[in-house]
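The values are calculated or read from the model by the stated rules, or taken from the named source; none is laboratory data. Treat the numbers as computed from the prediction; the structure is a model and nothing was measured. Here Cβ is always computed from backbone atoms with ideal geometry, including for glycine, and neighbour counts include all displayed protein chains. Side chains are part of the model used for accessible areas, which takes the heavy atoms of the whole protein and leaves out ligands, DNA and RNA. Shrake-Rupley method; radii C 1.70, N 1.55, O 1.52, S 1.80 Å.
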Amino acid sequence: MSVPKKALLVICDGLGDRPCKELTNKTPLEAAKKPNLNALAKDGACGIMSPLGAGIRAGSDTAHLSIFGYNIKKYYLGRGPLEALGLKMQLQQGDIAFRANLATVDKKGVIIDRRAGRIDNSEPFAELLNGMEIKGIKFIIKAGTAHRLALVMRGKGLSPNISDSDPHKEGIKPLEIKPLDDSKEAAFTAKVLNEFLAKAHKILAGHKLNKERKKQGLMEANFVLTRGAGVFKRIPSFEERFRMKACCIAGAGLYKGIARFIGMDVLDVEGATGKANTNINAKISKAIEALGEYDFVFVHIKGCDVFGHDGDAKGKKEFIERIDSALKPLLKLKDVLVIITADHSTPCCMKDHSGDAVPVLLKGPSVRADDVNEFTERTCAKGYYRFNSGIELMNEILNLMNKAELVGS
Ligand code: ZN
Ligand code: ZN
């Protein structure tokens, strides 16, 4: 029996679900027509996985890290650094990074829109604030899509242990940033960031860009809301740890950020949007092409999670059918370990992530095929595998590729 030299991991974000009333108590995956997923399941071995442990509700960031073999207790630094890396910001050891929004506050300072009317280009606003320095701390800002920004604080004596200014609702004032521990670093960081946000408001509120927006009847982008503070540090790369050259094919910034964080190359694919309109076929053909150069290819497909958050069971089922037809070329792959799974469940009835286990399938020459021939949450639970963490799945991938280290002698 040959051993697969290459691995292709497809993560369908938020794929797992619960029985949906509008699908006669089937899950979207059960209701979907999926001949290719079923054929892969038939040839391979199936199971279920709880990326952070049974019943734990996982975020996408933590679940992905765990599936890539990184213990989140040691390696999860918060969402901010991952988002900043997703925007190709060059982070330095000790930088504090945040997710941020351009928002609209009224004359009394009350938030009337958390997304500044979903402003379509935040770049000129980010440029106004980029490079500001307060008490020796440099503020670096980069625009993301729409109202989104990434904010980085660089300098000495900083701490990520501070609260958010984003209250996650409208009709109240932005929250004052507070230190979350007794250290002088947290107190200093909170103080400097509060000062920055006040200065930023002053600069933005009177600026001609906003006068222009007002003239056009648009919401002014006059406040920066921050959240998800995290400190950046360099960690051992995927290649250093597992001796596999790895790449990532994804549309959404967070997943590119996670990939860059662990040293994967991020490949660009036209039409990969990180949304439901993404070009799944283009991503899969790019992935197959990338297997020539890379040992480990990771493809991220976001759509199922979006439909789950919207509570749209039919939309999720149809999106799964689109994934299935795009996966057809995987049936022909030889000497490649194919892994298909999800990072967490996003049940439509919950419109949020749940702690329900996700289905997983592994197909390749070294896999002990089991009797499961349909890829669903419930049929996979009868299969060969039960992974209690993403790390266990990564261990099995290494094992099936004859790359696992011997424990003991
Ligand atoms: Zn996710
Ligand atoms: Zn989600």
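Taking the criterion of being within 15 Å of ligand 1 (Cβ to nearest atom) and either closer than 30 Å to LYS233 by Cβ or in a loop (DSSP other than H, G, I, E, B) (or both), would at least one residue in segment 27-40 satisfy it?
Among the residues of segment 27-40, not one is within 15 Å of ligand 1 (Cβ to nearest atom) and either closer than 30 Å to LYS233 by Cβ or in a loop (DSSP other than H, G, I, E, B) (or both), which makes the answer no.
Working only within segment 241-275, note down all residues that are among the hydrophobic types (A, V, I, L, M, F, W, C), in contact with a helix residue (DSSP H, G or I) (Cβ under 7 Å, 6 or more places away or on another chain), surrounded by 24 or more Cβ atoms within 10 Å (Cβ to Cβ) and not in a loop (DSSP other than H, G, I, E, B).
Residues satisfying the conditions are CYS248, ILE249, ILE258, PHE261.
Listed here are the residues, each with its yes/no results for (1) within 19 Å of ALA205 (Cα to Cα); (2) surrounded by 14 or more Cβ atoms within 10 Å (Cβ to Cβ); (3) under 20 Å from the mean Cα position of the chain (by Cα).
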residue: GLN90; (1), (2), (3): no, no, yes
residue: GLN93; (1), (2), (3): no, no, no
residue: ALA100; (1), (2), (3): yes, yes, yes
residue: PRO124; (1), (2), (3): yes, no, no
residue: ILE134; (1), (2), (3): no, yes, no
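Among the residues of segment 392-409, how many are open to solvent by 50 Å² or more (accessible area, probe 1.4 Å) and part of a helix (DSSP H, G or I)?
First pass over segment 392-409, keeping only residues open to solvent by 50 Å² or more (accessible area, probe 1.4 Å): 392, 395, 399, 402-409.
If we keep only those that are part of a helix (DSSP H, G or I) too, we end up with 392, 395, 399.
The number of residues fulfilling the criteria is 3.
When you look at ASP343, is it within 12 Å of ligand 1 (Cβ to nearest atom), in contact with a strand residue (DSSP E or B) (Cβ under 7 Å, 6 or more places away or on another chain) and charged (D, E, K, R), yes or no?
It is true that ASP343 is within 12 Å of ligand 1 (Cβ to nearest atom), in contact with a strand residue (DSSP E or B) (Cβ under 7 Å, 6 or more places away or on another chain) and charged (D, E, K, R).
Tell me yes or no: at least one residue of segment 46-57 is assigned to a strand (DSSP E or B), under 19 Å from the mean Cα position of the chain (by Cα) and of a type outside the set (Phe, Trp, Tyr).
Yes; the residues of segment 46-57 include at least one that is assigned to a strand (DSSP E or B), under 19 Å from the mean Cα position of the chain (by Cα) and of a type outside the set (Phe, Trp, Tyr).
Is it the case, given these coordinates, that ALA381 is within 16 Å of ligand 1 (Cβ to nearest atom) and either in contact with an Asp or Glu (Cβ under 9 Å, 6 or more places away or on another chain) or open to solvent by 20 Å² or more (accessible area, probe 1.4 Å) (or both)?
Here the answer is no, as ALA381 does not meet what is asked.
So which residues in segment 308-322 are buried (at least 24 other Cβ atoms within 10 Å of the Cβ) and either within 16 Å of ligand 2 (Cβ to nearest atom) or under 20 Å from LEU9 (Cα atoms) (or both), if there are any at all?
Residues satisfying the conditions are GLY308, ALA313, LYS316, PHE319, ILE320.
Can you name every residue in segment 357-376 that is over 16 Å from THR62 (Cβ atoms) and either within 16 Å of ligand 1 (Cβ to nearest atom) or buried (at least 24 other Cβ atoms within 10 Å of the Cβ) (or both)?
Listed by number, the residues that qualify are PRO359, VAL360, LEU361, LEU362, LYS363, GLY364, PHE375.
When you look at GLY47, is it closer than 16 Å to ASP343 by Cβ, touching a Pro at 6+ places or on another chain (Cβ under 9 Å), away from ligand 2 (no atom under 16 Å from the Cβ) and not aliphatic (A, V, I, L, M), yes or no?
Working: closer than 16 Å to ASP343 by Cβ: yes; touching a Pro at 6+ places or on another chain (Cβ under 9 Å): yes; away from ligand 2 (no atom under 16 Å from the Cβ): yes; not aliphatic (A, V, I, L, M): yes.
When the stated conditions are applied, GLY47 passes them.
Could you run through segment 1-28 and say how many residues are over 21 Å from ALA369 (Cα atoms), aliphatic (A, V, I, L, M) and either open to solvent by less than 10 Å² (accessible area, probe 1.4 Å) or within 16 Å of ligand 2 (Cβ to nearest atom) (or both)?
Looking only at that region, the number is 1.
Cβ-Cβ distance below 8 Å, separation of 6 or more or different chains: which pairs start in segment 340-351 with a residue that is of a type in the set (Val, Ile, Thr) and end on one that is open to solvent by 10 Å² or more (accessible area, probe 1.4 Å) and near ligand 1 (Cβ under 9 Å from one of its atoms)?
THR346/HIS353
So in segment 230-240, with the set limited to residues that are of a type outside the set (Phe, Trp, Tyr) and not in a strand (DSSP E or B), which one is most open to solvent (accessible area, probe 1.4 Å)?
ARG234
If you check every pair at least six apart or on different chains, which have Cβ atoms under 9 Å apart with a residue in segment 251-271 that is at positive phi first and a residue that is assigned to a loop (DSSP other than H, G, I, E, B) and at pLDDT below 95 second?
Sorted first by the residue in segment 251-271, then by its partner, the pairs are GLY271/GLY251; GLY271/ASN277; GLY271/THR278; GLY271/ASN279.
Quick one: LEU291 ticks every box in (1) modelled with pLDDT of 95 or more; (2) out of contact with any Leu (no Cβ under 7 Å at 6 or more places or on another chain) bar one, so which box is it?
With respect to (1) modelled with pLDDT of 95 or more; (2) out of contact with any Leu (no Cβ under 7 Å at 6 or more places or on another chain), LEU291 is out only on (2).
Has segment 323-333 got any residue that is within 30 Å of LYS21 (Cα to Cα), open to solvent by 30 Å² or more (accessible area, probe 1.4 Å), more than 15 Å from ligand 2 (Cβ to nearest atom) and small (Gly, Ala, Ser)?
There is at least one residue in segment 323-333 that is within 30 Å of LYS21 (Cα to Cα), open to solvent by 30 Å² or more (accessible area, probe 1.4 Å), more than 15 Å from ligand 2 (Cβ to nearest atom) and small (Gly, Ala, Ser).
Criterion first (closer than 26 Å to TYR76 by Cα, within 16 Å of ligand 1 (Cβ to nearest atom) and in contact with a helix residue (DSSP H, G or I) (Cβ under 9 Å, 6 or more places away or on another chain)) does LYS351 satisfy it?
For LYS351, the condition - closer than 26 Å to TYR76 by Cα, within 16 Å of ligand 1 (Cβ to nearest atom) and in contact with a helix residue (DSSP H, G or I) (Cβ under 9 Å, 6 or more places away or on another chain) - is met.
Any residue at all in segment 367-374 that's under 17 Å from LEU15 (Cα atoms) and either part of a loop (DSSP other than H, G, I, E, B) or not basic (Lys, Arg) (or both)?
Yes: one or more hits.
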